[in-house]
Every structure is written in C-alpha cells, then in structure tokens.
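Working notes for the structure below.
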Amino acid sequence: MRHKTCAMACRRPLHFVFKVGDRWKTAQFYRDVLGWKVLRHEEFEEGCKATCNGPYDGKWSKTMVGFGPEHDHFAAELTYNYGVGEYRLGNDFLSLYLPGPDLAVQPGCRQGQEAGLASSEVSESLYVTEAPGGFASTCSTENSQTVVHPVQKVSLAVSDLQRSVHYWSTLLGMNVMEMNEEKRCVLMGFCESQCKLELQDIGAPVDHGTAFGRIAFSCPREQLPDIEALMRKEKQKILSPLVSLDTPGKATVEVVILADPDGHEICFVGDEAFRQLSTLDPNGNELLDKAMVADKSDEWFAKHNKQKASA
C-alpha cells in the first residue's frame with residue numbers, strides 16, 4: 001500500500017504524556033534515578049485548547065524529559081496541573097521499556113529501590129520500577145549494544161487485539177513487526193529504528209482512570225487534514241479537530257487529537273513546526289527548578305490544613 005511505504009514513513013513517535021501530582025519527586029525520579037535530561041520546560045496560565053493538560057482550565061506546566069533531543073529521541077511529557085496533587089491510575093498504561101547499562105538504567109532502577117520507590121527484580125537482567133504516581137518503567141540490560149533507540153517501546157493495554165491492530169495498522173499506517181498470539185500482544189511501528197508501540201490484550205475493558213495519558217506522533221503538516229478526514233469517513237472518534245496551539249515565545253503547532261477503540265488518546269502534530277518548538281533548551285533544567293521553587297501551593301495547602309485536589 002502506497003500510504004505505508006511513502007507517507008507513513010515520514011511519521012515518527014514523539015512522546016508519551018504523564019500527568020504528575022508531585023513535580024519534586026517526579027523530577028527526582030527521571031533526573032536522578034533514570035538519568036534522563038530536562039529537554040525543555042514551559043508554563044501556561046490557562047488550560048490547553050486541545051486538552052493537553054486534561055480537562056482543566058487553570059495554570060499548568062509541561063516538562064519534556066528524555067535521553068536526548070526530541071528530534072531523534074522518544075521523550076516523556078510531564079504535565080502538572082497546579083492544585084491537583086493526585087490522579088487515579090487505570091489499567092491503560094503498562095510500561096516504558098528502557099535498555100542498557102550504558103544508559104545507567106539498570107543502576108537507576110536499583111537506586112529507585114534505595115530511594116523508597118516501588119521497584120522489583122523480574123530477572124537478573126530485568127527490573128521494573130515505578131515513577132511517583134505509579135507509572136511503570138521496565139529496565140533491561142539485554143542486547144544493550146544493539147539497541148538503536150534508548151526507549152524501545154511503549155506498552156498499552158487493549159481489550160480486543162484484532163480490532164486494535166486494524167485501527168493502528170489500517171487507519172494509522174503502522175507496520176506489524178511482531179505478533180505473539182500466545183501472549184496476546186503485538187509490536188507495531190512506523191520504522192524499525194524508532195520507538196515501538198506494544199499493544200497487550202488484557203481480556204477486560206480498558207480503564208483510563210483520571211491519570212490517562214496521550215501518545216504523540218509527528219507527521220508532515222499536509223497530512224493532518226487527511227488524517228482528520230479519514231477518521232470522519234471511518235466514523236472514528238476525534239477528540240480535537242485540527243487546531244493551532246501556541247506556546248509563548250515559541251513556534252505554533254497544529255494538531256489533531258484522536259482516540260482509538262479503547263479510548264487511548266493519540267496526538268498527531270505537524271512535524272515542521274514541532275521541530276522548531278522542540279529545540280533543546282539549555283535552560284530547561286533551570287526553568288523547571290525555578291518553577292518548582294516558585295510554586296507555593298504545597299505550603300498554602302499545609303498552612304490551611306487542606307489537601308490538594310485528587311482528580
């Protein structure tokens with residue numbers, strides 16, 4: 001099919017969005033435990049038009065973290081809503097898979113145990129550790145020398161594997177790279193060298209809780225109207241039609257937000273503007289620290305003997 005060999009080859013995975021209730025602990029986990037870098041940090045006074053920060057209208061921040069620049073590394077987007085201290089996890093997100101002792105991941109998972117974070121040893125070469133809030137990362141030292149991309153895959157739960165494969169492959173153009181019928185899972189991607197998407201059939205309805213995330217991909221800007229039109233034609237859910245999103249002092253990007261049959265949120269963003277927006281900010285680390293110091297919400301709630309909202 002032409003769209004898979006040409007147009008789809010121009011698409012790439014960008015990041016997964018996590019809602020966080022405690023920026024201090026979350027920053028410590030990604031920076032000190034996993035050894036990730038702060039790639040950029042942005043503050044917003046009002047809620048996002050495409051609900052990038054969830055169904056919230058107030059002040060929020062976005063912190064991009066990863067092993068390297070976003071133009072060639074899969075990253076995590078840490079979304080913080082001021083005044084919201086906790087989110088309820090569902091069963092929708094399963095894990096990020098991170099390889100290699102050369103990336104300090106294996107020692108990092110052990111450090112997670114020492115720091116009191118939930119962490120468990122699956123085998124001699126496999127650890128699972130949880131970020132504050134409960135999101136899992138699976139750390140492996142196997143085949144570290146052959147890994148092209150630091151984040152190997154993102155694993156999401158689905159309730160009907162065949163239906164999900166049809167959606168992600170036929171409609172979104174992903175290639176099926178591995179299928180394991182015994183484990184009821186499939187590995188998909190646009191390109192062999194990129195971070196992959198793993199879909200795991202859990203044999204039950206998918207619950208997104210209030211911590212539901214979002215996986216983002218880029219594509220040439222000219223493809224965005226076509227993606228929206230195809231979803232309308234196939235009567236698939238569109239959470240946000242083509243819309244422009246502004247970031248103060250940076251590039252304006254255009255996005256289309258979709259939802260797959262299990263309600264996983266999917267963002268497609270125009271690649272040309274995103275590459276400008278996502279330029280590595282050498283001051284990102286400093287900006288995050290400055291914002292956390294300036295955020296006095298914890299002190300305010302403690303002083304008034306109140307708790308932050310639980311989403």
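Some observations on this one:
- Taken over the stretch 70-95, residues that are part of a loop (DSSP other than H, G, I, E, B), in contact with a strand residue (DSSP E or B) (Cβ under 7 Å, 6 or more places away or on another chain) and either among the polar types (S, T, N, Q) or within 23 Å of L197 (Cα to Cα) (or both) amount to 5.
- Every test in (1) within 19 Å of the chain's Cα centre (by Cα); (2) assigned to a helix (DSSP H, G or I); (3) at pLDDT below 95 is passed by P132 save one, and that test is (2).
- Condition check for V38: touching a Lys or Arg at 6+ places or on another chain (Cβ under 8 Å) and among the aliphatic types (A, V, I, L, M): yes
- Of the residues making up the stretch 229-243, those that are over 16 Å from A216 (Cβ atoms) and without any contact (Cβ under 8 Å) to a residue 40 or more places away in the chain are A229, R232, K233, K235, K237, P241.
- Wholly within the stretch 187-306, strands (runs of 3 or more DSSP E) carrying at least 1 residues that are at pLDDT below 95 and within 17 Å of C52 (Cα to Cα): 237-245
- Checking each residue in the stretch 27-53 for being modelled with pLDDT of 95 or more and either β-branched (V, I, T) or in a loop (DSSP other than H, G, I, E, B) (or both) picks out only V38.
- Residue count for the stretch 192-238 under the criterion of being aliphatic (A, V, I, L, M) and under 17 Å from the mean Cα position of the chain (by Cα): the result is 5.
- First in the stretch 164-192 and touching a residue at least 60 places away in the same chain (Cβ under 8 Å) and surrounded by 13 or more Cβ atoms within 10 Å (Cβ to Cβ), second anywhere and in a helix (DSSP H, G or I) and among the small types (G, A, S), Cβ under 8 Å, 6 or more apart: G173/A7; N175/S169; F190/A9; C191/A9
- Residue match in the stretch 214-224 (condition: buried (at least 20 other Cβ atoms within 10 Å of the Cβ) and of a type in the set (S, T, N, Q)): yes
- Any hit, the stretch 54-63, residues being part of a strand (DSSP E or B), surrounded by fewer than 21 Cβ atoms within 10 Å (Cβ to Cβ) and at negative phi: yes
The values are calculated or read from the model by the stated rules, or taken from the named source; none is laboratory data. Predicted model only: the values in this text are computed from it and were never measured. In this analysis, Cβ positions are derived from the backbone assuming ideal geometry, glycine residues included, and neighbour counts consider all displayed protein chains.
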